[in-house]
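Reviewing the structure listed below.
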Amino acid sequence: MSLRIKKLGFLLLSVALTLLSNAIRAEDGYELWLRYVKVDNPALLSEYQEAITGIYVEGSTPVVNSAKEELILGLNGLLAKPIQEVKTVSDGTVIVTSSPDAQLLSALGVTDLKNVCGEDGYMIKLVNYKGKKNIAIVATTDRGLLYGAFNFLRLIQTQKPVKEFSVTTKAALKYRLLNHWDNLNRTVERGYAGFSIWNWHLLPDYISPRYKDYARANASIGINGTVINNVNANALILTKNYLVKVAALANVFRAYGIKVYLTARFSAPIEIGGLKTADPLDPEVRAWWKAKTEEIYTYIPDFGGFLVKANSEGQPGPQNYDRNHADGAIMLGEALAPHNGIVMWRAFVYDHEVPDDRAKQAYNEFKPLDGSFLPNVFVQVKNGAIDFQPREPFHPLFGALPKTPVMMEFQITQEYLGQATNLCYMAPYYKECLESDTYYKGQGSTVAKVIDGSLDKHINTGMAGVSNIGDERNWTGHPFAQSNWYCYGRLAWDMNLTSEQIADEWIRMTFTNKTQFVEPVKKMMLESRETVVNYMTPLGLHHIMGESHHYGPGPWVSGGRPDWTAPYYHRADSAGIGFNRSSTGSNAVSQYYPEVRSMFNDPKTCPDIYLLWFHHLPWDYRLKSGNTLWNEMCIKYNAGVDSVRAMNSLWDEMAGYIDTERFQHVKMLLNIQEKEARWWRDACLLYFQTFSKLPFPANMEKPEHSLDYYKSLKFKFAPGI
Ligand code: GCW
């Protein structure tokens with residue numbers, strides 16, 4: 001091709017892209033995945049316009065009204081024509097009902113709707129009803145209708161042909177919660193999207209429109225509860241002054257099927273109750289919690305319950321009084337039981353005085369307590385035994401507490417996965433844990449099956465996600481961090497969804513349905529988590545991040561309590577690297593069922609991704625790839641950097657398919673991510689090289705700075721502390 005023709009082609013392409021981008025409205029991300037822009041496929045648009053003429057909604061409770069309002073808002077936007085509520089059913093009416101008559105049920109082909117949908121599920125189906133062609137959204141509860149309404153809109157947002165409108169779904173878990181680590185002064189622990197969205201100072205009188213939009217977004221992905229204050233709690237939230245504020249939020253959320261929960265500070269009876277002790281066996285303390293709980297229910301009649309972080313990282317707890325976790329949890333469980341409230345007692349506990357492997361401590365403390373809690377008490381367990389590291393093997397407590405409802409705790413905020421500057425789509429991270437086989441009841445006893453209660457017939461089941469939401473205009477800071485809020489909710493609803501399915505729908509709703517955008521961006525998202533692991537903590541490395549703020553690399557971080565230092569975890573020395581948790585080391589492997597134990601115990605069978613989690617291996621150890629450990633580490637760190645570069649150039653090609661505002665935002669963040677990936681690689685490899693004393697592979701890019709330079713970097717005001 002001659003240069004002139006090439007140039008002409010390029011010119012035409014830029015003109016076309018400019019025209020296209022001019023046609024795209026400016027966006028700031030506030031609307032999340034609920035944008036409801038006109039369907040841009042003319043054929044589909046007319047198909048929808050023909051198939052949908054009005055909505056017929058039975059009932060008028062606040063939740064049903066929310067469903068109705070959302071349908072009208074969404075359909076008007078998507079179909080670009082006025083869609084109203086109608087009082088009689090005709091062709092094209094969307095029928096929304098939680099009490100379908102026999103005729104509708106037979107049109108749907110079901111006899112026992114409750115069995116099909118459970119409490120929160122729903123059906124969406126094309127039906128012939130009373131001689132008319134309709135679309136039915138049916139459920140057994142108002143909440144089910146609301147979720148069905150959002151799913152119906154999603155079908156159109158993701159441009160499914162009308163003939164494919166057919167959904168039958170049931171929630172996998174009963175409690176699908178967000179955990180906010182928001183403080184009363186509006187800072188957010190490990191929050192990277194500005195300050196807390198709860199404006200405590202102006203509540204209860206000023207109700208920010210954000211509260212309703214927050215509830216809509218959550219309801220759209222099936223979230224039905226929210227713990228609004230930090231697990232490092234302040235007892236003031238339990239005083240009247242704050243309870244009226246909490247009640248104001250609960251009033252907004254209620255219409256979206258969302259209950260409010262609070263973190264309870266264990267020492268509250270002393271701090272705000274004037275008692276001398278918080279001993280859970282003290283009758284006065286028990287009476288105080290009972291009365292406090294009753295008071296809360298006078299403000300918030302559907303209050304969900306308490307989350308507790310006890311005897312962990314300085315938080316008070318029953319062990320301060322020589323009692324155990326069950327004693328504390330039972331006291332609160334008893335106070336909540338008459339109101340149908342629940343306790344979520346966190347298993348994130350470890351004691352730096354205990355000279356044992358930190359990875360073993362939660363299991364050691366909780367395993368003996370199995371069976372001593374109450375039916376309304378959950379033990380809430382993080383996905384892994386250390387702390388939301390970029391990669392951890394599943395927590396051995398999954399499968400170890402058959403007599404206790406166990407709630408999963410995932411982190412949505414990217415404390416250890418690049419905070420708000422790195423694009424990291426976390427569905428593959430959540431799925432990796434959920435799909436891990438515990439072997440608790442033989443092969444196939446996945447973590448998902450432990451938490452959905454099916455292995456032990458638990459009725460109380462749940463998942464908690466530590467929120468990444470703040471008051472930044474786009475809610476999550478990084479535009480792609482919205483996908484983590486989204487995928488968390490979708491997985492809490494249905495753990496069988498694939499990361500790919502979820503990414504696909506999120507991209508279509510959040511950005512565009514154009515295949516040229518959807519496919520490459522989806523691929524980029526799906527690979528992004530592995531990329532982050534590669535340039536931060538490949539091969540099972542963990543806990544080597546910056547001190548306190550956890551921003552950037554810090555494999556040299558030492559001093560203070562050993563289990564907060566990096567060398568405690570990587571154990572690099574002249575002989576090799578890695579934490580020996582095998583039977584010749586801390587024997588943390590013994591906490592897993594035999595099949596898993598023997599797999600992890602032998603470096604030959606231990607998956608490479610967990611190798612240095614469980615083994616301390618020589619620098620010249622040969623991996624399955626044939627490379628030495630040192631070379632493989634270098635290769636992984638480099639691959640991570642290369643992948644970020646590839647993401648960055650791929651993103652360049654996406655210009656023109658979406659609004660310039662969000663495009664540029666992501667572009668600038670990818671530039672930051674590229675710098676940070678190199679920083680991680682260079683700092684970690686230079687540091688580990690001081691032990692390995694081995695050269696970098698010949699073709700490897702040279703580190704930009706010296707190790708001393710990386711060690712000297714300080715970030716006094718890094719966000720999230
Ligand atoms: O990962 C650690 C975080 C703390 C957090 C703690 C927890 C809320 O660095 O900031 O405290 O976990 O989960 O309790």
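Starting from the exponent 0.38 and prefactor 2.2 Å, build the expected Rg for the range 187-277 from its residue count and divide its actual Cα Rg by it.
Normalised Cα radius of gyration, the range 187-277: 1.15.
The helix-only estimate of mean residue ellipticity at 222 nm for the chain, built from DSSP H runs of length n ≥ 4 each weighted as -39500 (n - 2.57), is -12500 deg cm²/dmol after division by the residue total.
Surface composition of the chain: carbon and sulfur make up 54 percent of the accessible area, probe 1.4 Å. Paramagnetic label reach from F715 (point 7 Å along Cα→Cβ; backbone nitrogen cut-off under 15 Å): within the range 670-708, residues 670-684. With a Förster radius of 30 Å applied to the beta-carbon distance between N241 and A287, the computed FRET efficiency rounds to 0.85.
Close amide-amide hydrogen proximity is noted between V227 and L178, N179, H180, Y261, each under 5 Å apart and 5 or more residues distant or on a separate chain (H modeled in the peptide plane; Pro and chain starts excluded). The trypsin sites (Lys or Arg not before Pro) of the range 128-233 that DSSP puts in a loop, and whose beta carbon has at most 14 other beta carbons within 10 Å, are K130. Accessible area per residue for the chain is 38 Å², calculated with a 1.4 Å probe on protein heavy atoms, without ligands, DNA or RNA.
One Cα centroid belongs to the range 194-272, the other to the range 131-159; the line between them spans 29 Å. Bridging of K174 to aspartates and glutamates at a Cα separation below 16 Å is possible for E119, D120, D142, D302, E409, D452, D456, D494, once same-chain residues fewer than 8 apart are set aside.
Where in the chain lies the longest segment free of chymotrypsin sites (Phe, Trp or Tyr not before Pro) that are both loop residues by DSSP (not H, G, I, E, B) and have at most 10 other Cβ atoms within 10 Å? It runs 207-716. Shown for the range 615-718 is the translational diffusion coefficient from the Stokes-Einstein equation, using the Kirkwood radius over Cα pairs, a temperature of 37 °C and a viscosity of 0.692 mPa s: 208 µm²/s. Taking label points 7 Å from Cα along the Cα-to-Cβ direction, S574 and A80 give a separation of 7.4 nm. The share of alpha-carbon pairs in the range 395-550 lying farther apart than 18 Å comes to 62%. Taking label positions 7 Å along the Cα-Cβ direction at both I672 and K702, the computed distance is 3.0 nm, reported to one decimal. Listed cross-link partners K212/K367; K81/K125; K163/K667 are compared with a 29 Å cut-off, the Cα-Cα value being larger for K212/K367; K163/K667. For the pair T158 and K441, what calculated FRET efficiency results from E = 1/(1 + (r/R0)^6), where r is the Cβ-Cβ distance and R0 = 41 Å, to the nearest 0.05? Computed FRET efficiency for K441 and T158: 0.65. What separates the Cα centres of the range 602-646 and the range 424-474 is a distance of 27 Å.
Efficiency by 1/(1 + (r/R0)^6): what FRET value for K87 and E661, r their Cβ-Cβ distance, R0 = 35 Å, to the nearest 0.05? E(calc), rounded to 0.05, equals 0.25. 3J(HN,Hα) couplings calculated from phi for the range 420-429 with the Karplus curve 6.51 cos²θ - 1.76 cosθ + 1.60 (θ = phi - 60°) are, in sequence order, 9, 9, 10, 7, 8, 7, 9, 4, x, 5 Hz; Gly and Pro show x.
Cα-based radius of gyration for the range 88-175, normalised by 2.2 N^0.38 Å, reads 1.02. Net length available on complete extension from R561 to D608 is 14.0 nm, with 0.36 nm assigned per residue and the Cα-Cα distance removed. The range 233-392 has equivalent-ellipsoid semi-axes of 27, 19, 14 Å, by the square roots of 5 times the alpha carbon gyration tensor eigenvalues, sorted largest first.
For the residues I459, I300, I330, a 1.4 Å probe over the protein chains yields an accessible-area ranking, largest first, of I459, I330, I300. The amide H of E409, built 1.01 Å from its N in the peptide plane, has V381, K382, N383, A464 as neighbours under 5 Å, considering only residues 5 or more places off or on other chains. For a paramagnetic label modelled on N65 (point 7 Å from Cα along Cα→Cβ), amide N atoms under 20 Å away belong, within the range 198-221, to 205-220. Pairs of Cα atoms nearer than 8 Å and 6+ residues apart set the relative contact order; for the chain it is 12 percent.
The Cα center of the range 44-96 and the Cα center of the range 584-598 differ in position by 56 Å. The trypsin sites (Lys or Arg not before Pro) of the range 377-430 that meet both conditions, a loop assignment by DSSP and at most 14 other Cβ atoms within 10 Å of the site Cβ, are K403. Oblate is the label for the chain. Its Cα gyration tensor axes, ordered a ≥ b ≥ c, give a/c of at least 1.5 and b/c at or above a/b. When you filter the GluC sites (Glu not before Pro) in the range 334-407 for DSSP loop state and at most 12 other Cβ atoms inside 10 Å of their Cβ, you are left with E353.
The values are calculated or read from the model by the stated rules, or taken from the named source; none is laboratory data. In this text the structure is predicted, and so the values were computed from the model without any measurement. With ideal geometry, Cβ positions are generated from the backbone for all residues, glycine too; neighbour counts draw on all protein chains shown. Side chains are part of the model used for accessible areas, which takes the heavy atoms of the whole protein and leaves out ligands, DNA and RNA. Shrake-Rupley method; radii C 1.70, N 1.55, O 1.52, S 1.80 Å.
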